[in-house]
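Heads up, the thing below is written out as structure tokens.
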Amino acid sequence: MEKTIIMVRHGKVKEIAKVFGISKTAVSLALRGHRKNDLTKKIRHVALTQFDGVEMQQVKKESKK
């Protein structure tokens, strides 16, 4: 499965952090897919369903030669 990131509007990370009682950094890591646990799944689900998040495929840049 390809790694996906979830994008939310400006200020929504802070709101999600408040809902879960965690730091903005923890929410950002979860939305970028850097964590794999039950809380991360909940954060990503809430971001998509309640905070109008958009799931996107992560694209790697090609190096210039």
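Points to keep in mind about this one:
- Taking (1) surrounded by 11 or more Cβ atoms within 10 Å (Cβ to Cβ); (2) touching a Lys or Arg at 6+ places or on another chain (Cβ under 9 Å) in turn, residue 7 satisfies each apart from (2).
- Scan of region 6-65 for residues that are in a helix (DSSP H, G or I), polar (S, T, N, Q) and touching a Gly at 6+ places or on another chain (Cβ under 9 Å), ordered by number: 40
- Counting the residues of region 35-53 that are within 20 Å of residue 15 (Cβ to Cβ) and exposed (fewer than 12 other Cβ atoms within 10 Å of the Cβ) gives 2.
- Residues in region 53-63 include none that are more than 12 Å from residue 5 (Cα to Cα) and either under 12 Å from the mean Cα position of the chain (by Cα) or in contact (Cβ under 8 Å) with a residue 12 or more places away in the chain (or both).
- Qualifying residue in region 16-25 (condition: surrounded by fewer than 13 Cβ atoms within 10 Å (Cβ to Cβ), at pLDDT 95 or above and among the β-branched types (Val, Ile, Thr)): yes
The values are calculated or read from the model by the stated rules, or taken from the named source; none is laboratory data. Here the structure is a predicted model, which means the values were calculated and not measured. Note that each Cβ is placed from the backbone with ideal geometry, even for glycine, and that neighbours are counted across all protein chains shown.
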